[in-house]
Amino acid sequence: ALGGVVWGQTIAESKAINFIDGYDWLYLVLLYALVVAIRFVQVGMFYPVFSRIGLRSNWREATFLSYAGMRGAVSVALALSLSRSVREATDDPEKLEDIEVVEFLAGGVALLSLLVNGSTAGPVLRWLDLVKPVLSRRQAR
């Protein structure tokens with residue numbers, strides 16, 4: 001959450017809105033989709049290992065881990081750190097514009113993960129049958 005606040009403040013205080021165009025919004029959506037796809041590939045590659053050790057997860061849990069896994073906090077921190085380093089090292093307007101776009105994309109993916117994946121996690125859990133109603137809720141029906 002703190003990374004998102006810092007990202008929001010950085011974007012609000014910068015002139016990034018002048019450099020972000022329609023293509024950047026398209027790239028943001030594509031990057032978000034790519035991050036989700038990569039997460040599914042990563043979990044799928046390691047599923048044979050973590051399904052046999054530790055708590056022995058099943059395919060439903062692996063699917064939810066792929067869908068709802070945390071993404072963005074580290075990338076926002078790295079983007080902000082890179083931004084600071086670039087701003088200290090140069091005054092080149094082209095490089096400063098590029099770093100604004102990098103900040104936008106990193107924070108945007110984190111925000112989309114929070115909004116899309118976070119708000120739909122409950123229905124996905126129910127769809128995967130990972131949430132069993134408690135006894136009191138079953139009796140209330």
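Descriptive notes on the structure:
- Looking only at the stretch 46-56, residues that are surrounded by 10 or more Cβ atoms within 10 Å (Cβ to Cβ) and of a type in the set (A, V, I, L, M, F, W, C) come to 2 in all.
- Restricting attention to the stretch 16-45 and to residues that are over 20 Å from SER113 (Cβ atoms) and exposed (fewer than 12 other Cβ atoms within 10 Å of the Cβ), the residue that is modelled with the lowest pLDDT turns out to be ILE17.
Let's see how each residue does on (1) in contact (Cβ under 8 Å) with a residue 12 or more places away in the chain; (2) under 23 Å from TRP127 (Cα atoms):
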site	(1), (2)
TYR27	yes, no
LEU30	no, no
ILE38	no, yes
TYR47	yes, yes
THR63	yes, yes
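- Pairs linking a residue in the stretch 123-134 that is at pLDDT below 90 to a residue that is of a type in the set (Asp, Glu), with Cβ atoms under 6 Å and 6 or more positions apart or on different chains, do not occur.
The values are calculated or read from the model by the stated rules, or taken from the named source; none is laboratory data. In this text the structure is predicted, and so the values were computed from the model without any measurement. Reconstructed Cβ throughout: ideal geometry from the backbone, glycine too, with neighbour counts over all protein chains shown.
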